[in-house]
Amino acid sequence: MNESSIKTENVFLFWRAIEALTPQDIDKENARDKLNPVYKVGAGSMLPWDDPEHTRKDIAPGKVWRYSAQAGVYHLSEISKMLEDKIGAHEAVPEERKSGKCRLFDIGFNEEGIPQPATFMLSLSAWSAAQILRHDRGVYALHAPLCSDVSDLPAPNDSLPLVDSGFYDFDNLTLHLMQWVDNEAYRLQEEGQKADTGWLKTLEKLVIAKLYFPEEAMDTTIVSVVKCSLTRKAKVIQEDSAKKDNKKKEAVPDDLINSFFIQELRKLDAEWRQGGGGAGFKDFIMAITRDNQQRLDIRTEEGLDFAFEKLLPTQPPAGSWPSKYPLAFSQQLAVNEIWTRNHTEPGIFAVNGPPGTGKTTLLRDVVAAVVTDRASKLVKLGDSAFKAKDSLKYNDRLIPYYSLHPSLAGSAIVIASSNNGAVENISLELPGMEAVPEDVSDRSDYFGGLATVILNRPAWGLLAARLGNKSNREQFVNTLWWGNLQKSEKGDEAPPEKFSPERGEGLKYHLNLLRPPRKVREPALTWTEAVTRFEQAQAVEEAERQQLVTSSGLTHKIEWLEEQRRVWEERKQTATLQIEECRNALQALSDRLAAMEMTLTLSSGERDELDQRIHQHEKNKPGLLANLFSLGRISKAWWDRYQRLTDESDALRATLTQQRQELQLAQSEKHNADNELRSLERELTQVISNGQAVCKEQEQNNTLLKQAISDLGASWPERNATDEQRELSAPWLHERWRKAREDVFIAALDVHRAFIENNPVKIAANIGLAMDWLKGRKLTEKQAGLALDSLSLVVPVISSTFASMPRMFRDTGQEAIGWLLIDEAGQAQPQHAIGAIWRAKRTVLVGDPKQLEPVSGIPSTVEGAVGKHYKIPSCWWPGKVSAQILADQTMDVGTYLPDPESEQIWVGCPLRVHRRCDDPMFSISNHIAYDGLMVHGKKPGLVDFPESGWLDVKGRTCEGNWVVEEGAAVEKLLLALRHQYSLTPDDVFLISPFKDCAKQLNRIAKRLGFRMDRTGTVHKTQGKEATVVILVLGGNIKSQGAKAWAAEKPNLLNVAVSRAKQRIYVIGERALWEKQPYFSTLSRALGRLDVPVSNSNPRAMSYMEEYLTTEWR
């Protein structure tokens, strides 16, 4: 096993230990709540079922109280210190211990004050801490078997519920203590008694003893915190034994004393060790261990080349979400990359989403792409979408369902987050009327009426549902499936022609009316009509796309033609020169031929003359007598001359032969030269012809390019634009194509509705299975996957918090979720997200490491000590690293941002256009956190409020981090803004970095009539926005520690200022805060704020006077 494998396996062990050690605070007292009061019970006080103040509360007939007691209260800071001393604090972690009060166990009681054994649950955190403190082996003790002494406890019987945390000794001790409670419950009933504070203290002492929990950490002033809730009165069962057995199986729902992720992490650890898990799961786990990964910074020249290539018209998915405006440059790039990389392949993709950069807008387009793709498959499949019929056996009934074609499996979209608010927001936004232009509801009706009833607000379509916890799921099942139609109306002979959720119809009722052979109601669209609409929309979109593809190639085509024209000019010039050279050579050759012919003629004349001379000489040959008389001298002289003449003749004939040969060669050369010249002239003619064609084509393409640029206008990509111009642009996304892509998505929804309504029997069976799944009925992995896929045919997007996923998706297997979209991933602890990622085929994480980080329930000192034990570096610690940061490390496309700890940090594909805040908020955020990454895309709002500024308050009196003078300034500012500028409670967030300040701000808000749900710490506002933000800095005036903590990173200030859409008002002592990192930028950006006291101020007594004279101090 290589080093990376060892590290990753240690990570799972580390995460499990962290989850085991994570405590749960006791609930806050809220005795005034009429429906769900929470009482803090001290020594000598009465428990609620004995307290007349509680028991005389009016409750509805048929309802009774149920109670959940949190007992064995201890101080977290004390245990943290002991654990550090035992394990050894990590040298890199400052001494920062969380305060708070936690509990050893929870236990439920019925309306009579009788304990319910099955509700008893020991705190895994308390057990883990005690194990580590007790044993020499420290953290190793968590995995040791049977360390607790249970010899004097009753053995658990078979009727008790299963306890399976994976920590054997914890499970064993919990069951033995549960049996003790069971025996005690029976005794109390038999004796006609009920539990009191004495009984709870007895149980507390027993738990302390069995845990070996240090008594010095206990809070002796609190016996218990008791939560009360109303529930239906259970039916009376006559036999005592039956009653007892029934009580044993009763459990308090959604008990939060222990981590939801313990069992999940154990399963995933085993899965990892066996080499299991999909691509996204493996990439996420291996993110930090990956070395030398090739990364492309999107802000470099090379990165821009990549971006323009990936924004070509061939890249976007066919369907897009209806919107008044196109996605901006970086938004569309992210969507295109998500789709091209993952729509056919598993994997993980990270998007960096700074505040106000349109994260939800991006996710909507991903949803549209997935729905459109599935509609294409439905159209292709037709009747073959459903496969074999099967059934689920439940009691004595067989519940039928139908398998889906494999191509439809794994297309469900699940949105998950650690943040309840984020999950709720996006679940409400997607189907909400504000999510689409007004005309969309006229173009399509995807169960808009049913969505309106489910959401209890106007909706355009049934696009999303908020599920997760049991309460949400039950409400969804009841509203979507069953409805609340009165029995008398269900029997109507003539129900309305159309689906009418507003009168209480559920989907089940509607599908029953569509069933053959009775078929009381007709589908909104026939299957043929829906398919025709979809295919027509596809054809229009494809035609528009192809036109853009052609236009997108024009620039390259023109560049290629220009190169061809240049080559043509060179070839023309070369050919012209060659012809000129050839003609010159031919002329020289002709001249030479003429000279050779003249020479040959002269030589022939000489030869003829010589032949005549020889002939004449032969005539003059001396005779015999002349020769005799001359004694041979005449003959000899004649022969000598004759020999000379013949020699001269032979030489001349040889010359003539050579001249003739040379002439023939020259003539042949001239012939070839003539041919070459004609060839060059033909070639030049062709070159000229080709060149003219290239020029003509170039001219035509230039005309087309000018026309395309004119037609596309701002949608034409400008490679040389400024950073701001480019990021605000939407390359290729002109109105016609955008409209066509939107129409494809809307037609895809029509296909889904037609598929549902034209297959009522099979859809009803499968949605019935999905409803069983949502209600928690045990299914096989295959059945659970089918239930999820079938539900997604009706509701494309479902959402859940990570905490609810282990229960909701208990039976679903690896990669059962088609698309997991994690929102606010920068706030998610990695061990909370990993189970969802394992269940997903594709995961898209959207978040920002420069906003608020995960809130760890374990003190950083303890986390560091456990990390040291497992030899896990801080890059894996949940308190320091979010799911977003790990996912960012898997990305090859992204950018670098400054980081106070490591100089720079790599983030995934970034969104860059900010459309929330006016200046100076935008510039402050962009400077302190993003190194200028963001581009301002918002026009300044028109408000009458004073300009953003800093109200400088010199503190003199403080309580912790709360500065009294700042409280007075807050009140003065709020009253002035309300009376002089008509500030409403909905306009403002009232926030502070510190909890004790937030507590006092809540009191001020309550007294002045401002909203307490818009008042609190900065953490409370993550993912939200307001017209005005009032940031009360606080900070103990005698110490710089709190200020240094707030300024350790830019995250806190970044979130605070980026909540404000139009104004931010900072209250605090400027001279002290402007010395801190990041706050110095804030100080430079904000001018002085002066708030005049209004004459209409109804308060006669100043805040300072009231603060110093009333008990709420």
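The values are calculated or read from the model by the stated rules, or taken from the named source; none is laboratory data. For clarity, every value in this text was computed on a predicted model and none was experimentally measured. With ideal geometry, Cβ positions are generated from the backbone for all residues, glycine too; neighbour counts draw on all protein chains shown.
Does segment 386-397 include one or more residues that are at pLDDT 95 or above and outside any loop (DSSP other than H, G, I, E, B)? Yes. For segment 505-522, a residue qualifies if it is of a type outside the set (Lys, Arg), surrounded by fewer than 20 Cβ atoms within 10 Å (Cβ to Cβ) and closer than 11 Å to ASN758 by Cα, and the qualifying residues are PRO516, GLU522. For segment 688-709, a residue qualifies if it is among the small types (Gly, Ala, Ser) and over 46 Å from the mean Cα position of the chain (by Cα), and the qualifying residues are SER689, GLY691, ALA693. Within segment 676-684, one or more residues are closer than 30 Å to GLU597 by Cβ, without any contact (Cβ under 8 Å) to a residue 24 or more places away in the chain and surrounded by 13 or more Cβ atoms within 10 Å (Cβ to Cβ).
Quick check on segment 299-310. Is at least one of its residues closer than 30 Å to SER1058 by Cβ and acidic (Asp, Glu)?
Scanning segment 299-310, I find at least one residue that is closer than 30 Å to SER1058 by Cβ and acidic (Asp, Glu), so the answer is yes.
Considering segment 202-220, and only residues there that are part of a helix (DSSP H, G or I) and touching a residue at least 60 places away in the same chain (Cβ under 8 Å), the residue that is nearest to GLY113 (Cα to Cα) turns out to be LEU203. For ASN352, state whether it is modelled with pLDDT under 95 and not hydroxyl-bearing (Ser, Thr, Tyr). It is false that ASN352 is modelled with pLDDT under 95 and not hydroxyl-bearing (Ser, Thr, Tyr). Quick one: is ILE426 at pLDDT 95 or above and not in a loop (DSSP other than H, G, I, E, B)? Criteria not met by ILE426. When the residues of segment 428-442 are filtered to those that are over 22 Å from the mean Cα position of the chain (by Cα) and in contact (Cβ under 8 Å) with a residue 40 or more places away in the chain, the one that is surrounded by the fewest Cβ atoms within 10 Å (Cβ to Cβ) is PRO437. Picking from residues in segment 972-997 that are surrounded by fewer than 20 Cβ atoms within 10 Å (Cβ to Cβ) and in contact (Cβ under 8 Å) with a residue 60 or more places away in the chain, the one that is nearest to ILE1067 (Cα to Cα) is ALA976.
Can you tell me which residue in segment 913-955 is farthest from ASP297 (Cα to Cα), limited to those that are small (Gly, Ala, Ser), in contact with a strand residue (DSSP E or B) (Cβ under 6 Å, 6 or more places away or on another chain) and crowded, with 16+ Cβ neighbours inside 10 Å?
Going through segment 913-955, the residues small (Gly, Ala, Ser) turn out to be 923, 925, 929, 932, 937, 941, 948-949, 955.
From what is left, the residues that are in contact with a strand residue (DSSP E or B) (Cβ under 6 Å, 6 or more places away or on another chain) are 937, 941, 948-949, 955.
Narrowing the set further to residues that are crowded, with 16+ Cβ neighbours inside 10 Å leaves 937, 948-949, 955.
Numbers: GLY937: 22, SER948: 35, GLY949: 36, GLY955: 46 Å.
Among them, the one singled out is GLY955.
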